[in-house]
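Below you'll find the structure, written out as structure tokens, and then a few comments.
The values are calculated or read from the model by the stated rules, or taken from the named source; none is laboratory data. Just so you know, these numbers come straight off a predicted model, no measurement behind them. Positions of Cβ are generated from backbone atoms using ideal geometry, with glycine treated the same way; all protein chains shown enter the neighbour counts. Accessible surface areas use protein heavy atoms only, side chains included; no ligands, DNA or RNA. Shrake-Rupley method; radii C 1.70, N 1.55, O 1.52, S 1.80 Å.
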Amino acid sequence: MAIDSGGGGGDGGGGEKRQRVDEQRDRCEAASLDAIPADGISALPDELRQRILTHLPLKDAIGTGAVARGWRGLWRCRWAHRSSVEIHLGSRDAPRRELDALGREPRPRRRLDRLSLVADTCKLKSSELRRFTEYAAECGVEDLHIEMRKRTLEGKLNFHLPLASPLLARLSLRRIGVSNMYYKGAQPFRALEAILLHFVAITFRTFRNMMSLCPSLLTLDLRGCNFEYDFFWDITWPKKLRSITFAECDGASTRLDLLPVGSMRSFRFSSSFHDTPFFLPGDAVLSDLYIRFSYSMLSVDATEFNEALPNDLSALTVLTICSNALPVASSSYDAGETAQLPKLSNLRSLRELHLLMSKMGDANLADIYMFLKTCQCHNLERLFVQLPKFVYKPMESSQTIDVAREEPPEDGLDKLMMVKIMNFNWGRAEVQLVSFLLRKARSLHKLLIVSPNVTPPDMPSVDEADLLFLKEALANGKMMLSESDDAATQPYHSEVFIEL
């Protein structure tokens, strides 16, 4: 059993991610310390301040580091013992060995901030899994992660949430079933704010009970799950729910009806809009939106797409959108007897745009230009363009090329300061896009190009004037070319759907 006071992995590369989160948190806390005046409570001995932190939830204990000088990082040692436990079951006898070790611990149990259970063995029994979760509940764990890595375990083990889990704030399950959460006399899990279900088998009844028993839920993350027909019908959604992620989930004509979730501020969707159409509340005030359709949008008209979005997206600050959604997102739609501008036409608060391009030919370049014209994102500061890894070489007519040369207004990108283009393959449309950005983004500080070819190859189809712009930008340092991606400059939604 690996025990570590700093939190830890167990959820598919989560250790590295949590390390980056901790580092970012520390930097934010450090930046604010100079502006915080000294206070009397910070003069208390560390032992007393640590005792104070033991009365706070983990999230609030971490937050004290940004409130008062001297509290930074103190949350990591608020318990006299180590506060994070990682259990990795990699052999047949591992479950019994680990449970025996836990059983020898004295009672009352120590308090735990986090417990991670990852099973690589197919010999884990339901009774053993229940004993691990009961131990977590006895320790008052606030962050619980359970993951089955053997596909042979899928459908054989069910997670039972113990009733005695009043402090649980974050629940993460991967490749495991979920039992019916309703028990006689079941009490709400009022501290539970985040639920992550990845490749989880769950019934409609269980999911409905889960939502009704979690009144404080803020974040719901569903990935790779298999849902029944009309799974999301008649759900009583938590009133405080702010962030919903729905990615690559299977279901027979599942309607993702989120109209009652007026508190929503973040929505991330990666699936087939045809198989799983979503319907967002008209009065929702979104701050970030992620749309990635897994299939072509040819069967979806602009009216259907626009009616699925909130009425007003002017508060949106971050948008990630895929190439096959760009045409309908830029098209007017019918509302009754009148034509309406697309709902993405007023993005005056947008600061970051991330384009996910499954193809990059002249027609796709035209879609980008039309979208930039339509969305009116005059305050855009950061642009990310993720190109396909393969080289796309379509057969294009001269008419298509003419359409692709249509450009947005001269003043559309005046505040754009940073551009990053990934998987750049020196195609004609790609070079035209970079040339256009260099000419029209007057405030551009840096343009980062990630390409397997750092030396421009021979490109007879590329316009010489466009290529000249790129060479000049490389020479004066305005454009930087690299074979490897820069981890320090990533889009807001960079870690949403990596290797589902």
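The residues neighbouring Val300, those whose beta-carbon lies less than 13 Å from its own, together hold a net charge of -4 under the Lys/Arg +1, Asp/Glu -1 convention. Rolling a 1.4 Å probe over the heavy atoms of the protein chains gives segment 231-319 an accessible area of 40 Å² per residue. Taking 29 Å as the straight-line reach from the Cα of Lys125, the lysines in range (excluding those fewer than 8 positions away in the same chain) are Lys150, Lys156, Lys184. Taking R0 as 22 Å, what FRET efficiency do you get between Val285 and Asn379 from their Cβ-Cβ distance, rounded to the nearest 0.05? My answer for the efficiency is 0.80.
Sorting 120-126, 483-489, 426-432 by their mean Cβ neighbour count within 10 Å, with the most densely packed peptide first, gives 426-432, 120-126, 483-489. From most to least packed by mean Cβ count within 10 Å, the peptides 93-103, 169-179 give 169-179, 93-103.
Loop-located GluC sites (Glu not before Pro) in segment 169-250 (DSSP state not H, G, I, E or B) with no more than 15 neighbouring Cβ atoms inside 10 Å: Glu228. Computed on protein heavy atoms with a 1.4 Å probe, the accessible areas place Tyr369, Tyr295 in the order Tyr295, Tyr369, largest first.
For the peptides 352-364, 270-282, 438-450, residues were scored by their other Cβ atoms within 10 Å and the scores averaged per peptide; the highest-first order is 352-364, 270-282, 438-450.
Tally up the carbon and sulfur contribution to the accessible surface of segment 186-252 as a whole percent, 1.4 Å probe, everything protein left in place. Answer for segment 186-252 is 49 percent, counting heavy atoms of protein chains only.
For segment 168-217, the solvent-accessible area with a 1.4 angstrom probe is 38 square angstrom per residue.
Distance check, please: which entries in Lys240/Lys389; Lys359/Lys478; Lys389/Lys471; Lys123/Lys389; Lys389/Lys415 exceed 31 angstrom between their Cα atoms? Over 31 Å apart, Cα to Cα: Lys240/Lys389; Lys123/Lys389.
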